[in-house]
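Asker: The structure under discussion is supplied below as structure tokens; questions concerning it will follow.
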Amino acid sequence: MKLHEIKEALSRGKTVLWTNENYEVVKDSLGHYLVHCVVNNTYVGLTHKHGYLIEDDNEFFIKKNKQL
């Protein structure tokens, strides 16, 4: 996913993950986009200071809802 696709998905209420379900992309109350590690409750910025994603854009994906 490209950066603009990640931001759009979050604005639509989708859950965006990086590599696996342990890393969720979130937008904080100040408007910053972060990757939250749910295992140890740490955060890292989604982009470098120049606006590039911290990791390969192919590693980000939208969580699929489980079918009942």
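Asker: Return the residues of segment 10-30 that are surrounded by 13 or more Cβ atoms within 10 Å (Cβ to Cβ) and more than 17 Å from Ile54 (Cβ to Cβ); say none if nothing qualifies.
Answerer: Selection gives Lys14, Thr15.
Asker: If Asn65 satisfies every condition in (1) more than 10 Å from the chain's Cα centre (by Cα); (2) at pLDDT 95 or above; (3) of a type in the set (S, T, N, Q) but one, which is the exception?
Answerer: Single failed check for Asn65: (2).
Asker: Kindly indicate which of Glu24, Glu55 is part of a loop (DSSP other than H, G, I, E, B), free of Cβ contacts under 8 Å to residues at least 40 places away in the same chain and at negative phi.
Answerer: Numbers: Glu24 fails: part of a loop (DSSP other than H, G, I, E, B).
After ruling out the rest, the residue left standing is Glu55.
Asker: Okay, moving on. Does segment 48-68 hold any residues that are under 14 Å from Lys7 (Cα atoms) and either touching a strand residue (DSSP E or B) at 6+ places or on another chain (Cβ under 8 Å) or open to solvent by 70 Å² or more (accessible area, probe 1.4 Å) (or both), and which are they?
Answerer: Correct list: Tyr52, Leu53, Phe60, Phe61, Ile62.
Asker: Would you point out the residue of segment 33-47, among those that are free of Cβ contacts under 8 Å to residues at least 24 places away in the same chain and closer than 18 Å to Glu5 by Cβ, that is surrounded by the fewest Cβ atoms within 10 Å (Cβ to Cβ)?
Answerer: Residues of segment 33-47 free of Cβ contacts under 8 Å to residues at least 24 places away in the same chain: 34-45.
Checking the rest, the ones that are also closer than 18 Å to Glu5 by Cβ come to 34-35, 45.
On the way: Leu34: 16, Val35: 22, Gly45: 11.
Out of the qualifying residues, it is Gly45.
The values are calculated or read from the model by the stated rules, or taken from the named source; none is laboratory data. This one's a predicted model, so the numbers in the text were calculated from it and none came from an experiment. Neighbour counts are summed over all protein chains in view; Cβ atoms, including those assigned to glycine, are modelled from backbone coordinates with ideal geometry. When the accessible area is computed, the model is the full protein with side chains, heavy atoms only, and any ligands, DNA or RNA have been set aside. Shrake-Rupley method; radii C 1.70, N 1.55, O 1.52, S 1.80 Å.
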